[in-house]
1. Report whether or not Arg57 is among the charged types (D, E, K, R), in contact (Cβ under 8 Å) with a residue 24 or more places away in the chain, under 22 Å from Arg122 (Cα atoms) and crowded, with 17+ Cβ neighbours inside 10 Å.
2. Starting from the range 1-25, keep only residues that are of a type outside the set (S, T, N, Q) and modelled with pLDDT under 95, then list their pairs with residues that are part of a helix (DSSP H, G or I) and open to solvent by 70 Å² or more (accessible area, probe 1.4 Å) whose Cβ atoms are within a distance under 9 Å, requiring at least 6 positions of separation or different chains.
3. Which pairs turn up if I take residues in the range 76-100 that are on the phi < 0 side of the Ramachandran plot and look for partners that are open to solvent by 40 Å² or more (accessible area, probe 1.4 Å) and not in a loop (DSSP other than H, G, I, E, B) with beta carbon separation below 7 Å, at least 6 apart in sequence or on another chain?
4. Quick one: is Val77 assigned to a strand (DSSP E or B) and either surrounded by 15 or more Cβ atoms within 10 Å (Cβ to Cβ) or of a type in the set (S, T, N, Q) (or both)?
5. Of the numbered conditions (1) open to solvent by 10 Å² or more (accessible area, probe 1.4 Å); (2) part of a helix (DSSP H, G or I); (3) within 22 Å of Trp137 (Cα to Cα); (4) not small (Gly, Ala, Ser), Asp68 fails exactly one; give the number of that condition.
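The values are calculated or read from the model by the stated rules, or taken from the named source; none is laboratory data. Treat the numbers as computed from the prediction; the structure is a model and nothing was measured. Positions of Cβ are generated from backbone atoms using ideal geometry, with glycine treated the same way; all protein chains shown enter the neighbour counts. Ligands, DNA and RNA are excluded from the accessible area calculation, which covers all protein heavy atoms including side chains. Shrake-Rupley method; radii C 1.70, N 1.55, O 1.52, S 1.80 Å.
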Amino acid sequence: MPTLIVLRHAKADSPLGTPDFERPLAARGRRDARAVGDELRAAGRVPDRVICSPALRTRQTLEELRIDAPVDFEERVYDNDAAAILDLLRAQHEEPGTLLLVGHNPSMHRLVLDLGSAAAERFPTAATAVIEFDGDWSDLWPGIGRLTAYWTPRGH
(Lines give C-alpha, C1' and ligand atoms only; values in the text may rest on other atoms or scores of the structure.)
Protein backbone atom coordinates (compact mmCIF):
# COMPACT_ATOMS: atom_id res chain seq x y z
CA MET A 1 0.00 0.00 0.00
CA PRO A 2 1.63 3.31 -1.05
CA THR A 3 2.20 5.88 1.65
CA LEU A 4 2.69 9.62 1.18
CA ILE A 5 4.23 11.65 3.99
CA VAL A 6 3.50 15.35 3.56
CA LEU A 7 5.78 17.67 5.52
CA ARG A 8 5.62 21.44 5.61
CA HIS A 9 9.08 22.91 6.08
CA ALA A 10 10.08 23.85 9.62
CA LYS A 11 10.05 27.41 11.00
CA ALA A 12 12.14 29.77 8.88
CA ASP A 13 13.74 33.12 9.55
CA SER A 14 13.05 36.17 7.38
CA PRO A 15 16.30 38.15 7.46
CA LEU A 16 15.91 41.64 6.02
CA GLY A 17 16.69 41.69 2.31
CA THR A 18 16.80 37.89 1.93
CA PRO A 19 14.91 36.57 -1.11
CA ASP A 20 12.15 34.10 -0.25
CA PHE A 21 14.03 31.21 -1.92
CA GLU A 22 17.06 31.76 0.36
CA ARG A 23 15.25 32.05 3.71
CA PRO A 24 17.06 29.83 6.27
CA LEU A 25 15.59 27.81 9.10
CA ALA A 26 15.32 29.44 12.51
CA ALA A 27 16.90 27.69 15.51
CA ARG A 28 13.41 26.48 16.48
CA GLY A 29 12.95 25.16 12.95
CA ARG A 30 16.11 23.07 13.21
CA ARG A 31 14.94 21.59 16.52
CA ASP A 32 11.45 20.91 15.16
CA ALA A 33 12.80 19.23 12.02
CA ARG A 34 15.01 16.94 14.13
CA ALA A 35 11.91 16.06 16.20
CA VAL A 36 10.02 15.17 12.99
CA GLY A 37 12.88 12.90 11.91
CA ASP A 38 12.85 11.21 15.32
CA GLU A 39 9.08 10.73 15.07
CA LEU A 40 9.30 9.24 11.57
CA ARG A 41 11.96 6.75 12.67
CA ALA A 42 10.04 5.85 15.86
CA ALA A 43 6.88 5.23 13.82
CA GLY A 44 8.74 3.11 11.25
CA ARG A 45 7.93 5.67 8.54
CA VAL A 46 11.35 6.14 6.94
CA PRO A 47 10.72 6.99 3.27
CA ASP A 48 12.06 5.09 0.26
CA ARG A 49 12.32 8.37 -1.64
CA VAL A 50 11.99 12.12 -1.05
CA ILE A 51 10.69 14.90 -3.25
CA CYS A 52 11.71 18.28 -1.88
CA SER A 53 11.39 21.90 -2.87
CA PRO A 54 14.82 23.34 -3.73
CA ALA A 55 14.32 26.36 -1.42
CA LEU A 56 16.91 26.70 1.34
CA ARG A 57 14.42 26.22 4.21
CA THR A 58 13.07 22.95 2.76
CA ARG A 59 16.58 21.62 2.04
CA GLN A 60 17.60 22.48 5.61
CA THR A 61 14.45 20.84 6.98
CA LEU A 62 15.29 17.68 5.06
CA GLU A 63 18.90 17.77 6.29
CA GLU A 64 17.77 18.02 9.92
CA LEU A 65 15.48 14.99 9.53
CA ARG A 66 18.62 12.85 9.21
CA ILE A 67 16.94 10.40 6.86
CA ASP A 68 18.92 8.42 4.33
CA ALA A 69 16.84 8.20 1.15
CA PRO A 70 17.29 9.31 -2.47
CA VAL A 71 16.12 12.90 -3.00
CA ASP A 72 14.71 14.71 -6.02
CA PHE A 73 14.66 18.51 -5.72
CA GLU A 74 11.65 19.70 -7.69
CA GLU A 75 10.98 23.30 -8.68
CA ARG A 76 7.27 22.42 -9.01
CA VAL A 77 7.10 21.94 -5.25
CA TYR A 78 8.53 25.42 -4.67
CA ASP A 79 6.02 26.81 -7.19
CA ASN A 80 3.39 25.85 -4.58
CA ASP A 81 0.61 24.68 -6.93
CA ALA A 82 -1.19 21.72 -5.31
CA ALA A 83 -2.59 20.43 -8.64
CA ALA A 84 0.88 20.45 -10.27
CA ILE A 85 2.36 18.68 -7.25
CA LEU A 86 -0.37 16.03 -7.38
CA ASP A 87 0.47 15.48 -11.07
CA LEU A 88 4.13 15.09 -10.08
CA LEU A 89 3.21 12.49 -7.44
CA ARG A 90 1.02 10.54 -9.87
CA ALA A 91 3.92 10.36 -12.33
CA GLN A 92 6.16 8.34 -9.98
CA HIS A 93 7.60 5.53 -12.09
CA GLU A 94 9.81 3.90 -9.48
CA GLU A 95 6.76 3.14 -7.33
CA PRO A 96 8.26 3.99 -3.94
CA GLY A 97 6.39 2.32 -1.10
CA THR A 98 6.76 5.41 1.07
CA LEU A 99 7.40 8.84 -0.40
CA LEU A 100 8.20 11.95 1.64
CA LEU A 101 7.16 15.30 0.17
CA VAL A 102 8.78 18.39 1.75
CA GLY A 103 7.25 21.68 0.68
CA HIS A 104 5.38 24.85 1.51
CA ASN A 105 1.91 26.04 2.45
CA PRO A 106 -0.67 26.47 1.15
CA SER A 107 -0.02 23.55 -1.24
CA MET A 108 1.02 21.03 1.45
CA HIS A 109 -2.13 21.67 3.48
CA ARG A 110 -4.24 21.65 0.30
CA LEU A 111 -2.86 18.23 -0.69
CA VAL A 112 -3.65 16.78 2.73
CA LEU A 113 -7.20 18.14 2.56
CA ASP A 114 -7.73 17.08 -1.07
CA LEU A 115 -6.50 13.56 -0.53
CA GLY A 116 -9.22 13.01 2.01
CA SER A 117 -8.36 14.45 5.37
CA ALA A 118 -10.53 17.16 6.78
CA ALA A 119 -9.04 16.18 10.17
CA ALA A 120 -5.94 18.32 9.56
CA GLU A 121 -7.64 21.68 10.12
CA ARG A 122 -4.29 23.43 10.50
CA PHE A 123 -0.92 22.75 8.93
CA PRO A 124 1.68 24.82 10.79
CA THR A 125 5.41 24.69 10.16
CA ALA A 126 6.85 21.17 10.51
CA ALA A 127 3.35 19.65 10.41
CA THR A 128 3.48 16.08 9.16
CA ALA A 129 0.64 14.05 7.64
CA VAL A 130 0.88 10.38 6.72
CA ILE A 131 -1.58 9.38 4.02
CA GLU A 132 -2.09 5.82 2.81
CA PHE A 133 -4.04 4.83 -0.28
CA ASP A 134 -4.81 1.73 -2.33
CA GLY A 135 -3.48 1.19 -5.83
CA ASP A 136 -0.47 2.73 -7.51
CA TRP A 137 0.88 6.29 -7.49
CA SER A 138 -0.99 6.88 -10.76
CA ASP A 139 -4.21 6.24 -8.77
CA LEU A 140 -3.55 9.16 -6.39
CA TRP A 141 -6.63 11.35 -6.80
CA PRO A 142 -8.55 13.64 -4.45
CA GLY A 143 -10.56 11.71 -1.88
CA ILE A 144 -8.62 8.44 -2.23
CA GLY A 145 -6.36 8.74 0.82
CA ARG A 146 -6.68 7.88 4.48
CA LEU A 147 -4.90 10.01 7.07
CA THR A 148 -3.15 7.48 9.31
CA ALA A 149 -1.03 9.92 11.32
CA TYR A 150 -0.78 13.66 11.86
CA TRP A 151 1.52 15.50 14.21
CA THR A 152 3.46 18.67 14.80
CA PRO A 153 6.56 19.03 16.98
CA ARG A 154 4.64 21.47 19.15
CA GLY A 155 1.58 19.21 19.50
CA HIS A 156 -0.84 21.71 17.89
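1. Values: among the charged types (D, E, K, R): yes; in contact (Cβ under 8 Å) with a residue 24 or more places away in the chain: yes; under 22 Å from Arg122 (Cα atoms): yes; crowded, with 17+ Cβ neighbours inside 10 Å: yes.
The answer is yes for Arg57.
2. Sorted first by the residue in the range 1-25, then by its partner, the pairs are Pro15/Glu22.
3. Once the first residue is on the phi < 0 side of the Ramachandran plot and sits in the range 76-100, its partners that are open to solvent by 40 Å² or more (accessible area, probe 1.4 Å) and not in a loop (DSSP other than H, G, I, E, B) give Ala82/Arg110; Ala82/Asp114; Ala84/Arg76; Ile85/Arg76; Leu88/Arg76; Arg90/Ser138.
4. Values: assigned to a strand (DSSP E or B): no; either surrounded by 15 or more Cβ atoms within 10 Å (Cβ to Cβ) or of a type in the set (S, T, N, Q) (or both): yes.
For Val77, the condition - assigned to a strand (DSSP E or B) and either surrounded by 15 or more Cβ atoms within 10 Å (Cβ to Cβ) or of a type in the set (S, T, N, Q) (or both) - is not met.
5. Answer for Asp68: the failing condition is (2).
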